[in-house]
Amino acid sequence: MTVDIAPQLPLAKDFSSFLSLEGAARKKSPLKGLLRFMKDDMISLGGGLPHPSTFPFYSLSAEVKAMGPADATVNGSSLKAVKAQPETVSVPHYPQPGKTESLTATLQYGMGTGLPSLREFCKGHVARMHKPQYRDWDVVLSAGNTDGFAKACSMVCSRGDKVLVEEWTYPAALEMMEPLGVGHIPVQMDGEGMSAVALKDLLDNWGTNPEQAQQAKPRVVYLIPTGQNPTGTTMSIQRRKDIMQVAQEHDLIVIEDDPYYYLQFFVDQQGGWMPSLLSMDTDGRVIRLDTFSKTLAPGCRVGYMSMNPQFCQIVQYHNEVTTQQPSGFSQAILAEMLISHWGQEGYKRYLTENVRMEYLNRSQHLQKSFKAHVSPLLASYNEPSAGMFLWIKIHLEKHPRFGNVSDSALMLELFNKCIANQVLLVPGWQFSCKSKPSDIDPADLLNSWYDDDARYLRATFAYATFEQMEEAMVRFGKTLEDAFAA
Ligand SMILES: Cc1ncc(COP(=O)(O)O)c(C=O)c1O
């Protein structure tokens with residue numbers, strides 16, 4: 001499939017000056033340079049490629065959900081598009097007519113950009129869904145967003161830099177940066193995620209307080225715009241525009257980590273998917289991280305990064321000397337399923353009709369159970385419109401010992417009671433941007449609560465059964481009553 005990109009769009013700006021020492025130093029692997037000569041009549045005695053006859057895998061197949069063309073349409077909507085019977089996707093050992101891939105190709109060493117057919121599919125998907133507003137954007141496959149973030153970060157952050165982050169954020173991102181000597185600066189959030197006003201204010205006034213006087217102005221912002229982890233917030237269209245405007249005004253690189261993008265519950269009512277930050281990018285300043293982890297399965301370890309061509313090249317070089325590319329088994333079965341069986345339309349319908357609906361129903365069930373069993377005086381949450389999480393705020397001010405002991409002590413007590421009553425929620429401090437005191441052992445959860453502002457517990461509706469979710473809320477409701485009676 002060729003990707004149509006409007007010729008009147010501008011080319012990406014030059015972001016060379018944003019490269020970290022590491023990013024700027026990355027070079028193409030000389031061994032990979034040989035691959036481009038392997039075409040036409042070339043006889044290769046180069047490259048240490050194992051002979052495919054030694055691969056003990058004769059074929060690879062999987063039973064998958066059938067997502068062929070919609071059965072019928074009424075008033076423009078598909079009827080019974082998801083067929084009941086699974087279909088078999090198989091990848092033969094050697095290339096065969098009618099097949100997208102073969103194991104001789106997919107299990108071989110390949111390019112740092114990923115399997116060409118799968119990469120083209122992902123690029124086609126990005127072109128349809130996000131339509132970046134510059135001409136030369138490109139896509140490189142990753143081993144998921146964790147991998148993509150690590151590579152993006154090492155490309156644009158040097159030791160001593162600080163990245164702007166949401167005030168409650170995905171802990172793995174902070175933990176990835178910390179050993180690299182890359183710090184973070186929390187930016188206030190509201191019901192729509194990071195506040196554009198707070199971001200602008202911070203950057204407009206950068207250097208005016210003594211703490212910042214010695215620090216370089218931040219040049220990178222890390223955002224989870226949809227179904228944010230942990231708060232469940234989703235940026236409105238206006239918020240996304242405002243954030244991008246601040247990013248342009250202050251010349252920021254935007255890392256858009258969007259694993260929950262396709263878990264938007266109300267796409268129908270809103271008339272379409274939320275525009276991504278990438279879709280508003282006219283400069284090439286957004287590094288968008290997509291993953292199949294939440295749409296197909298986390299164990300695929302396949303994602304894709306969409307960004308300007310220079311960044312794509314640097315990530316390709318990074319891949320060439322680290323992961324090389326995602327597992328050939330994953331790429332093979334995904335390519336065959338997505339390209340030969342589902343197609344772009346089938347994948348889009350799968351996202352709209354399956355994943356999204358499942359999480360919508362789950363979210364509504366957990367919320368219903370919460371409302372039935374948890375006193376609104378003691379705890380509350382903002383209704384999520386995407387993602388997997390309820391961010392439960394504990395009304396500590398209603399606690400009889402509020403003000404006499406620290407908020408952290410009350411939250412730790414509540415967490416311990418939850419464990420004793422067999423209901424597990426994630427402590428809010430795990431998503432805090434504050435630095436952990438050195439005497440705290442983060443693994444010792446029954447004795448750790450270090451942030452007085454972390455009056456939250458995170459619940460997910462992604463995994464438990466509906467019965468378990470209801471029972472969890474019964475237990476949580478009772479635990480809260482008990483904790484607040486003391
Ligand atoms: C914000 C965020 N980024 C990345 C990930 C991990 O994504 P992947 O499985 O693609 O590495 C998660 C979830 O686990 C997440 O919440």
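The values are calculated or read from the model by the stated rules, or taken from the named source; none is laboratory data. Bear in mind the structure is a predicted one, so any value in this text is a computation, not a measurement. Note that we place each Cβ from the backbone using ideal geometry, even for glycine, and neighbour counts take in every protein chain shown. For accessibility, only protein heavy atoms count, side chains too; no ligands or nucleic acids. Shrake-Rupley method; radii C 1.70, N 1.55, O 1.52, S 1.80 Å.
Across region 285-295, rounded Karplus estimates of 3J(HN,Hα) from the backbone phi angles (6.51 cos²θ - 1.76 cosθ + 1.60, θ = phi - 60°) give 9, 9, 9, 9, 9, 10, 9, 8, 4, 9, 9 Hz, Gly and Pro being marked x.
With contributions of -39500 (n - 2.57) from each DSSP H run of at least four residues, the per-residue ellipticity at 222 nm computed over the chain stands at -9500 deg cm²/dmol.
The tail of the calculated P(r) for region 86-223, taken as Cα-Cα distances beyond 21 Å, holds 62 percent of the pairs. Note: the chain, Cα convex hull, 183 Å³ per residue. Ligands, DNA and RNA aside, LYS39 has an accessible area near 120 Å² when probed at 1.4 Å.
Entry comment: accessible area of region 91-344 is 34 Å² per residue, from protein heavy atoms only and a probe of 1.4 Å. If you wrap the tightest convex hull around every Cα atom of region 91-344 and split its volume per residue, you get 122 Å³. Taking amide H positions as modeled 1.01 Å from N, with prolines and chain starts lacking one, the residues under 5 Å from ILE253 and 5 or more places away or on another chain are VAL220, VAL221.
Compute the helix-to-body angle for 116-129: its Cα long axis versus the longest principal axis of the chain, expressed 0 to 90° and rounded to tens. Here the helix axis deviates by roughly 50 degrees. Using a probe radius of 1.4 angstrom, the carbon and sulfur fraction of the accessible surface of the chain is 54%.
Each residue of region 430-442 was assigned a 3J(HN,Hα) from its phi angle through the Karplus expression (A = 6.51, B = -1.76, C = 1.60, θ = phi - 60°), giving 5, 9, 6, 8, 6, 6, 6, x, 5, 7, 9, 9, x Hz with x at Gly and Pro.
Might you tell me the accessible area per residue for region 352-485, computed with a 1.4 Å probe and given in Å²?
Numbers: 6430 Å² over 134 residues.
I get 48 Å² per residue for this part.
Under a point-charge model restricted to the Cβ atoms of Lys and Arg (+1) and Asp and Glu (-1), what is the dipole moment magnitude of the chain relative to its Cα centre, in debye to the nearest 20?
760
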